[in-house]
Amino acid sequence: MDEVSENCEETTVDQEGDFDILTFATKERKSGVGGILKRGVKDFEPDGSNRQNELLTESLNALQDFLQEERSGSSRQICKATWHPAPINKAHITTIHGNHFHNMGHTIKGEIWLYPEEALLLMERGALVIDYDDVPMSIQHAYTMLIREWLTLEKYQVYAYLKRIGYTVIRPLPQDSLQTSTSPQEKLQGTIINPLSSYTALLLSRITFISTSFSRLISNFFNFLSRSDLHDLHEEEINSIVTSESCYTYEQVFTKLQIIQRYDIDLPTYNGQESPYNIDFHVYKPSDSNKYKKKNPGVPFFRVVVACAESNQPPALSMFGNLFKDGNSSVLFAVVDGANISFLEFKDMNFKNVNVKIV
Amino acid sequence: MRNGKMSSQSSTKKENIKLNTRKSSVTIPLPNSVSKTSFLTNIFTTFLANRFPFLPYYYANNIQRSCVKTQGSFDANSNSVIVSEKQAIHRLWMQGFFGKGNLSRSEPTFEWRNEKKENQPLSAEQITQNRRIARVRRKKNKKNASASASITNNEDRKEIVDVNDKGNTEPTSLIDTLGLPDIASTSVSIEQIKEIDENYKDDDDNIMQNQAISIQEHLQLTTEEAFFLCFGLGCLEVYDANDNLMTTLDCWNAFRTSSVSNITPNALQDSPLTQLDNPFILRYVVYHYFRSLGWVVRGGMKFGCDYVLYEKGPEYKHAEYCVIVLPYYLSTNNSMNNNHFRHNVMTSWQLMSNLSRVCVQVKKSLVLCYVIIPLSLSDPISNSQSHEQIQPSTSSDNDQHHNNNLNNPFKCIKHYKVKEVVIKRCMPERVK
């Protein structure tokens, strides 16, 4: 078994800055096995002093000792599973312990099955032993067997990272059982509970509709009267869009200037071929873990797309149609570059809906 | 009276400097004037003016007289329009934040910086200078403090040699260290020049008299800003190098031509006037789009992007968005490369990460603004997103429509569409 400690992984790799070995100062390390190293304070620069060198070597030794510790787990807490390779590509749980399966795994005919990323993570935590051909797999073996087909190394890295922080991460469910986020218009047309309130609501909506259309009619009429006719002009006499003194408020000026339309992405697929980017994971907040139900997970907090920094490119405009559909307007790209994962949120934003204060 | 840009780091140190904001004085978002005559009178007279041009109308003349037009001169070499008149400069800046003073960082503050008045509020450049001096002083103090602390702790510590310390305790401004007189002084006399350079020979005695030379600052407008003021608002008149008034169409052609000629003079290229992806058109479409939504749009060169968007103006808040213009070609499914734009950002994650990091450091969100370039400008303007034309008409008709529309900025611009995607860095460990 690989001796990487899960605790150590949680404290290493600050996504933000440079990884400075100086940060592992040995402050009050708990005696015995299982103490977590704490971060110290960075020094500004090397100053060639002996004291600094001593501190450095102490920190390095502490890190090395910590990594060398052997982990063990109680045999009573370990689950057992059997790996089924392609075309199934899942692990079948034979012995259950603990409450991992509250938000992991899926049930088929009463039996719990795990996706390869879920199985691999439980293995790394020391909570699961997977058999293949009746022989328990080592971590190295598991990595080669399970990271195939859909699950690339980058996807596993992102999955493991998010799980370790505490999120609930699942693969996107098939379309028909997926509850998509409802747009505000849909919410307005939602189910009618109280017939009386619905009648008043209908009446109100009718009144507002009539009044807005009436005011629009009047303003259109006045606009018609006061506009300067651009189409009658010859080529040499092109007037400006807003002639001086032709409007009464600056809101009107801005409205008149808005002649450029927005482009709605209707493109179904990219170039007719499959887009390299699809939504890989749905991520739910850890605080909602009590409310999480496997059959009806609800609206995901993030939709994550995994990208490999070396071999992929940022998405082209035509790929957004595939990602921003079903009312989703924001997608989180997890860009994996070796061991570093950076997250970029791509949001479909309509600046026409943004309320801008005009002085 | 004026509020310079303050960074959050030094905001705590700013209490000793009293600054009055002038937010209340900036009440007008655009430099064109809005009608003040009564609603009905205006409707009536405009109606008359448009429908019955032969009628003598006193009121319409009145309206024409009251609009104030600024004069600007187009300089093809620098691809900008220069405005020199002081009142106009002030108006263009205060009403919409257009242009850049050529002797200042952004707002034309040259004269203001050089008025040696008592209790003069500081301009933005002066505030930045003071902040930098204070920062150098703080760093020096910190270094001295930590040096002395570690000396007491460590016996065999090497001597700290401060390379930057020239022996003076007072941090000096850059200008003083270089030994030059403050360029900011309005009048430069010949004695001052001789002080610096003893070998200075005044070749042109006519020019260099013993008189003070007053330096006037002018306002530089980019071609997009100038075209917006001229075509969008009708409050700017542009003159060419020979002092001839340029019509809107002249400006449209001149700006399109000068946007390519400076960079790649290639004889084999299409004439810039026939290009649908002319860089001026694409940049202008984005500029116009955001301006028409109420944003103050200014150049983004400082942040590595094309434009920056301010909600009310640079005086109020730092900009929220950095905009990059990305052309999108419907015709060849976007396989064409336009050298004038930052496609490279979309070709590798490293470059994308690069740009988004810069935006994070300056606390802005990145906006990818795609400009969808139409296949052709033949009428009618299609509302659907189909790639084919709707009405089959003769090809010669189409060509004529296309060319007509290309020469009419109003019709041409309407064919271009815009799509925005906002990119923000996210840290899942912080969000949960």
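The values are calculated or read from the model by the stated rules, or taken from the named source; none is laboratory data. The model shown is predicted, which means the values in this text are computed figures rather than measured ones. Every residue, glycine among them, receives a Cβ derived from its backbone with ideal geometry; neighbour counts consider all protein chains shown. These area figures cover heavy atoms from the full protein model, side chains too; ligands, DNA and RNA do not enter into them. Shrake-Rupley method; radii C 1.70, N 1.55, O 1.52, S 1.80 Å.
Near the amide H of B:Asp306, within less than 5 Å, lie the amide hydrogens of B:Val323, B:Ile324, B:Val325, all on another chain or at least 5 residues away, with H placed in the peptide plane. Taking amide H atoms as placed 1.01 Å from N in the peptide plane, the amide H of A:Gly298 lies under 5 Å from those of A:Gln179, each 5 or more residues away in sequence or on another chain. For B:Ile127, the solvent-accessible surface with a 1.4 Å probe is about 10 Å², rounded to the nearest 10. Checked against a 29 Å cut-off, the cross-linked pairs B:Lys140/B:Lys312; B:Lys143/B:Lys302; A:Lys291/B:Lys419; A:Lys285/A:Lys357; A:Lys80/A:Lys295; B:Lys100/B:Lys140 give Cα-Cα distances beyond that limit for B:Lys140/B:Lys312; B:Lys143/B:Lys302; A:Lys291/B:Lys419; A:Lys285/A:Lys357; B:Lys100/B:Lys140. Each label point was placed 7 Å from the Cα along the Cα-to-Cβ direction; for A:Asn355 and A:Lys295 their separation is 4.1 nm. The calculated FRET efficiency for B:Tyr316 paired with A:Thr152, based on their beta-carbon distance and R0 = 51 Å, is about 0.60. Residues within the reach of a label modelled at A:Gln77 (point 7 angstrom out along Cα to beta-carbon, backbone nitrogen below 16 Å), restricted to the range A:283-313: there are none. Determine, from the Cβ-Cβ distance of A:Leu173 and A:Arg125 and an R0 of 25 Å, the FRET efficiency 1/(1 + (r/R0)^6), rounded to the nearest 0.05. So the FRET efficiency works out to roughly 0.50. Summing Lys and Arg as +1 and Asp and Glu as -1 over all other residues whose Cβ lies under 10 Å from the Cβ of B:Phe341 gives a net charge of 0.
Accessible area ranking (1.4 Å probe, heavy atoms, ligands and nucleic acids excluded), largest first, for B:Asp243, A:Asp348, B:Asp397, B:Asp277: B:Asp243, B:Asp397, A:Asp348, B:Asp277. Net charge of the neighbourhood of A:Ile358, taken over other residues with C-beta under 13 Å away and scored Lys/Arg +1, Asp/Glu -1, is +1.
Estimated at the nearest 10 Å², the accessible area of A:Lys256 is 70 Å² with a 1.4 Å probe. Largest to smallest in accessible area, the residues A:Asp133, A:Asp65 fall in the order A:Asp133, A:Asp65 (1.4 Å probe, all protein chains included).
Note that the range A:75-151 presents 52 Å² accessible area per residue, ligands and nucleic acids not counted, probe 1.4 Å. Ordered from highest to lowest accessible area with the whole protein assembly present and a 1.4 Å probe, A:Asp134, A:Asp280 read as A:Asp134, A:Asp280. Please compare each pair in B:Lys364/B:Lys417; A:Lys109/A:Lys294; A:Lys163/B:Lys363 to a cut-off of 20 Å on the Cα-Cα distance and tell me which ones are over it. B:Lys364/B:Lys417; A:Lys163/B:Lys363, as the Cα separations exceed 20 Å there. For the range A:75-151, the orientation-averaged shadow of the C-alpha convex hull comes to 5.0 nm² (one quarter of the hull surface).
Kindly identify residues of the range A:319-338 having a loss of at least 20 Å² in accessible area between the isolated chain and the assembly of all protein chains, probe radius 1.4 Å. Listed by number, the residues meeting the 20 Å² cut-off are A:Phe320, A:Val335. Rounded to the nearest 10 square angstrom, A:Thr200 shows an accessible area of 70 square angstrom against a 1.4 Å probe. For A:Ala316, no residue has an amide H sitting under 5 Å from its own, ignoring neighbours fewer than 5 places away on the same chain, with H placed 1.01 Å from N.
If R0 is 25 Å, the Cβ-Cβ spacing of A:Glu58 and B:Ala149 corresponds to a FRET efficiency of close to 0.75.
Per-residue Karplus couplings for the range B:246-253, computed as 6.51 cos²θ - 1.76 cosθ + 1.60 with θ equal to phi - 60°, are listed in order as 9, 6, 4, 5, 4, 4, 4, 6 Hz, Gly and Pro entered as x.
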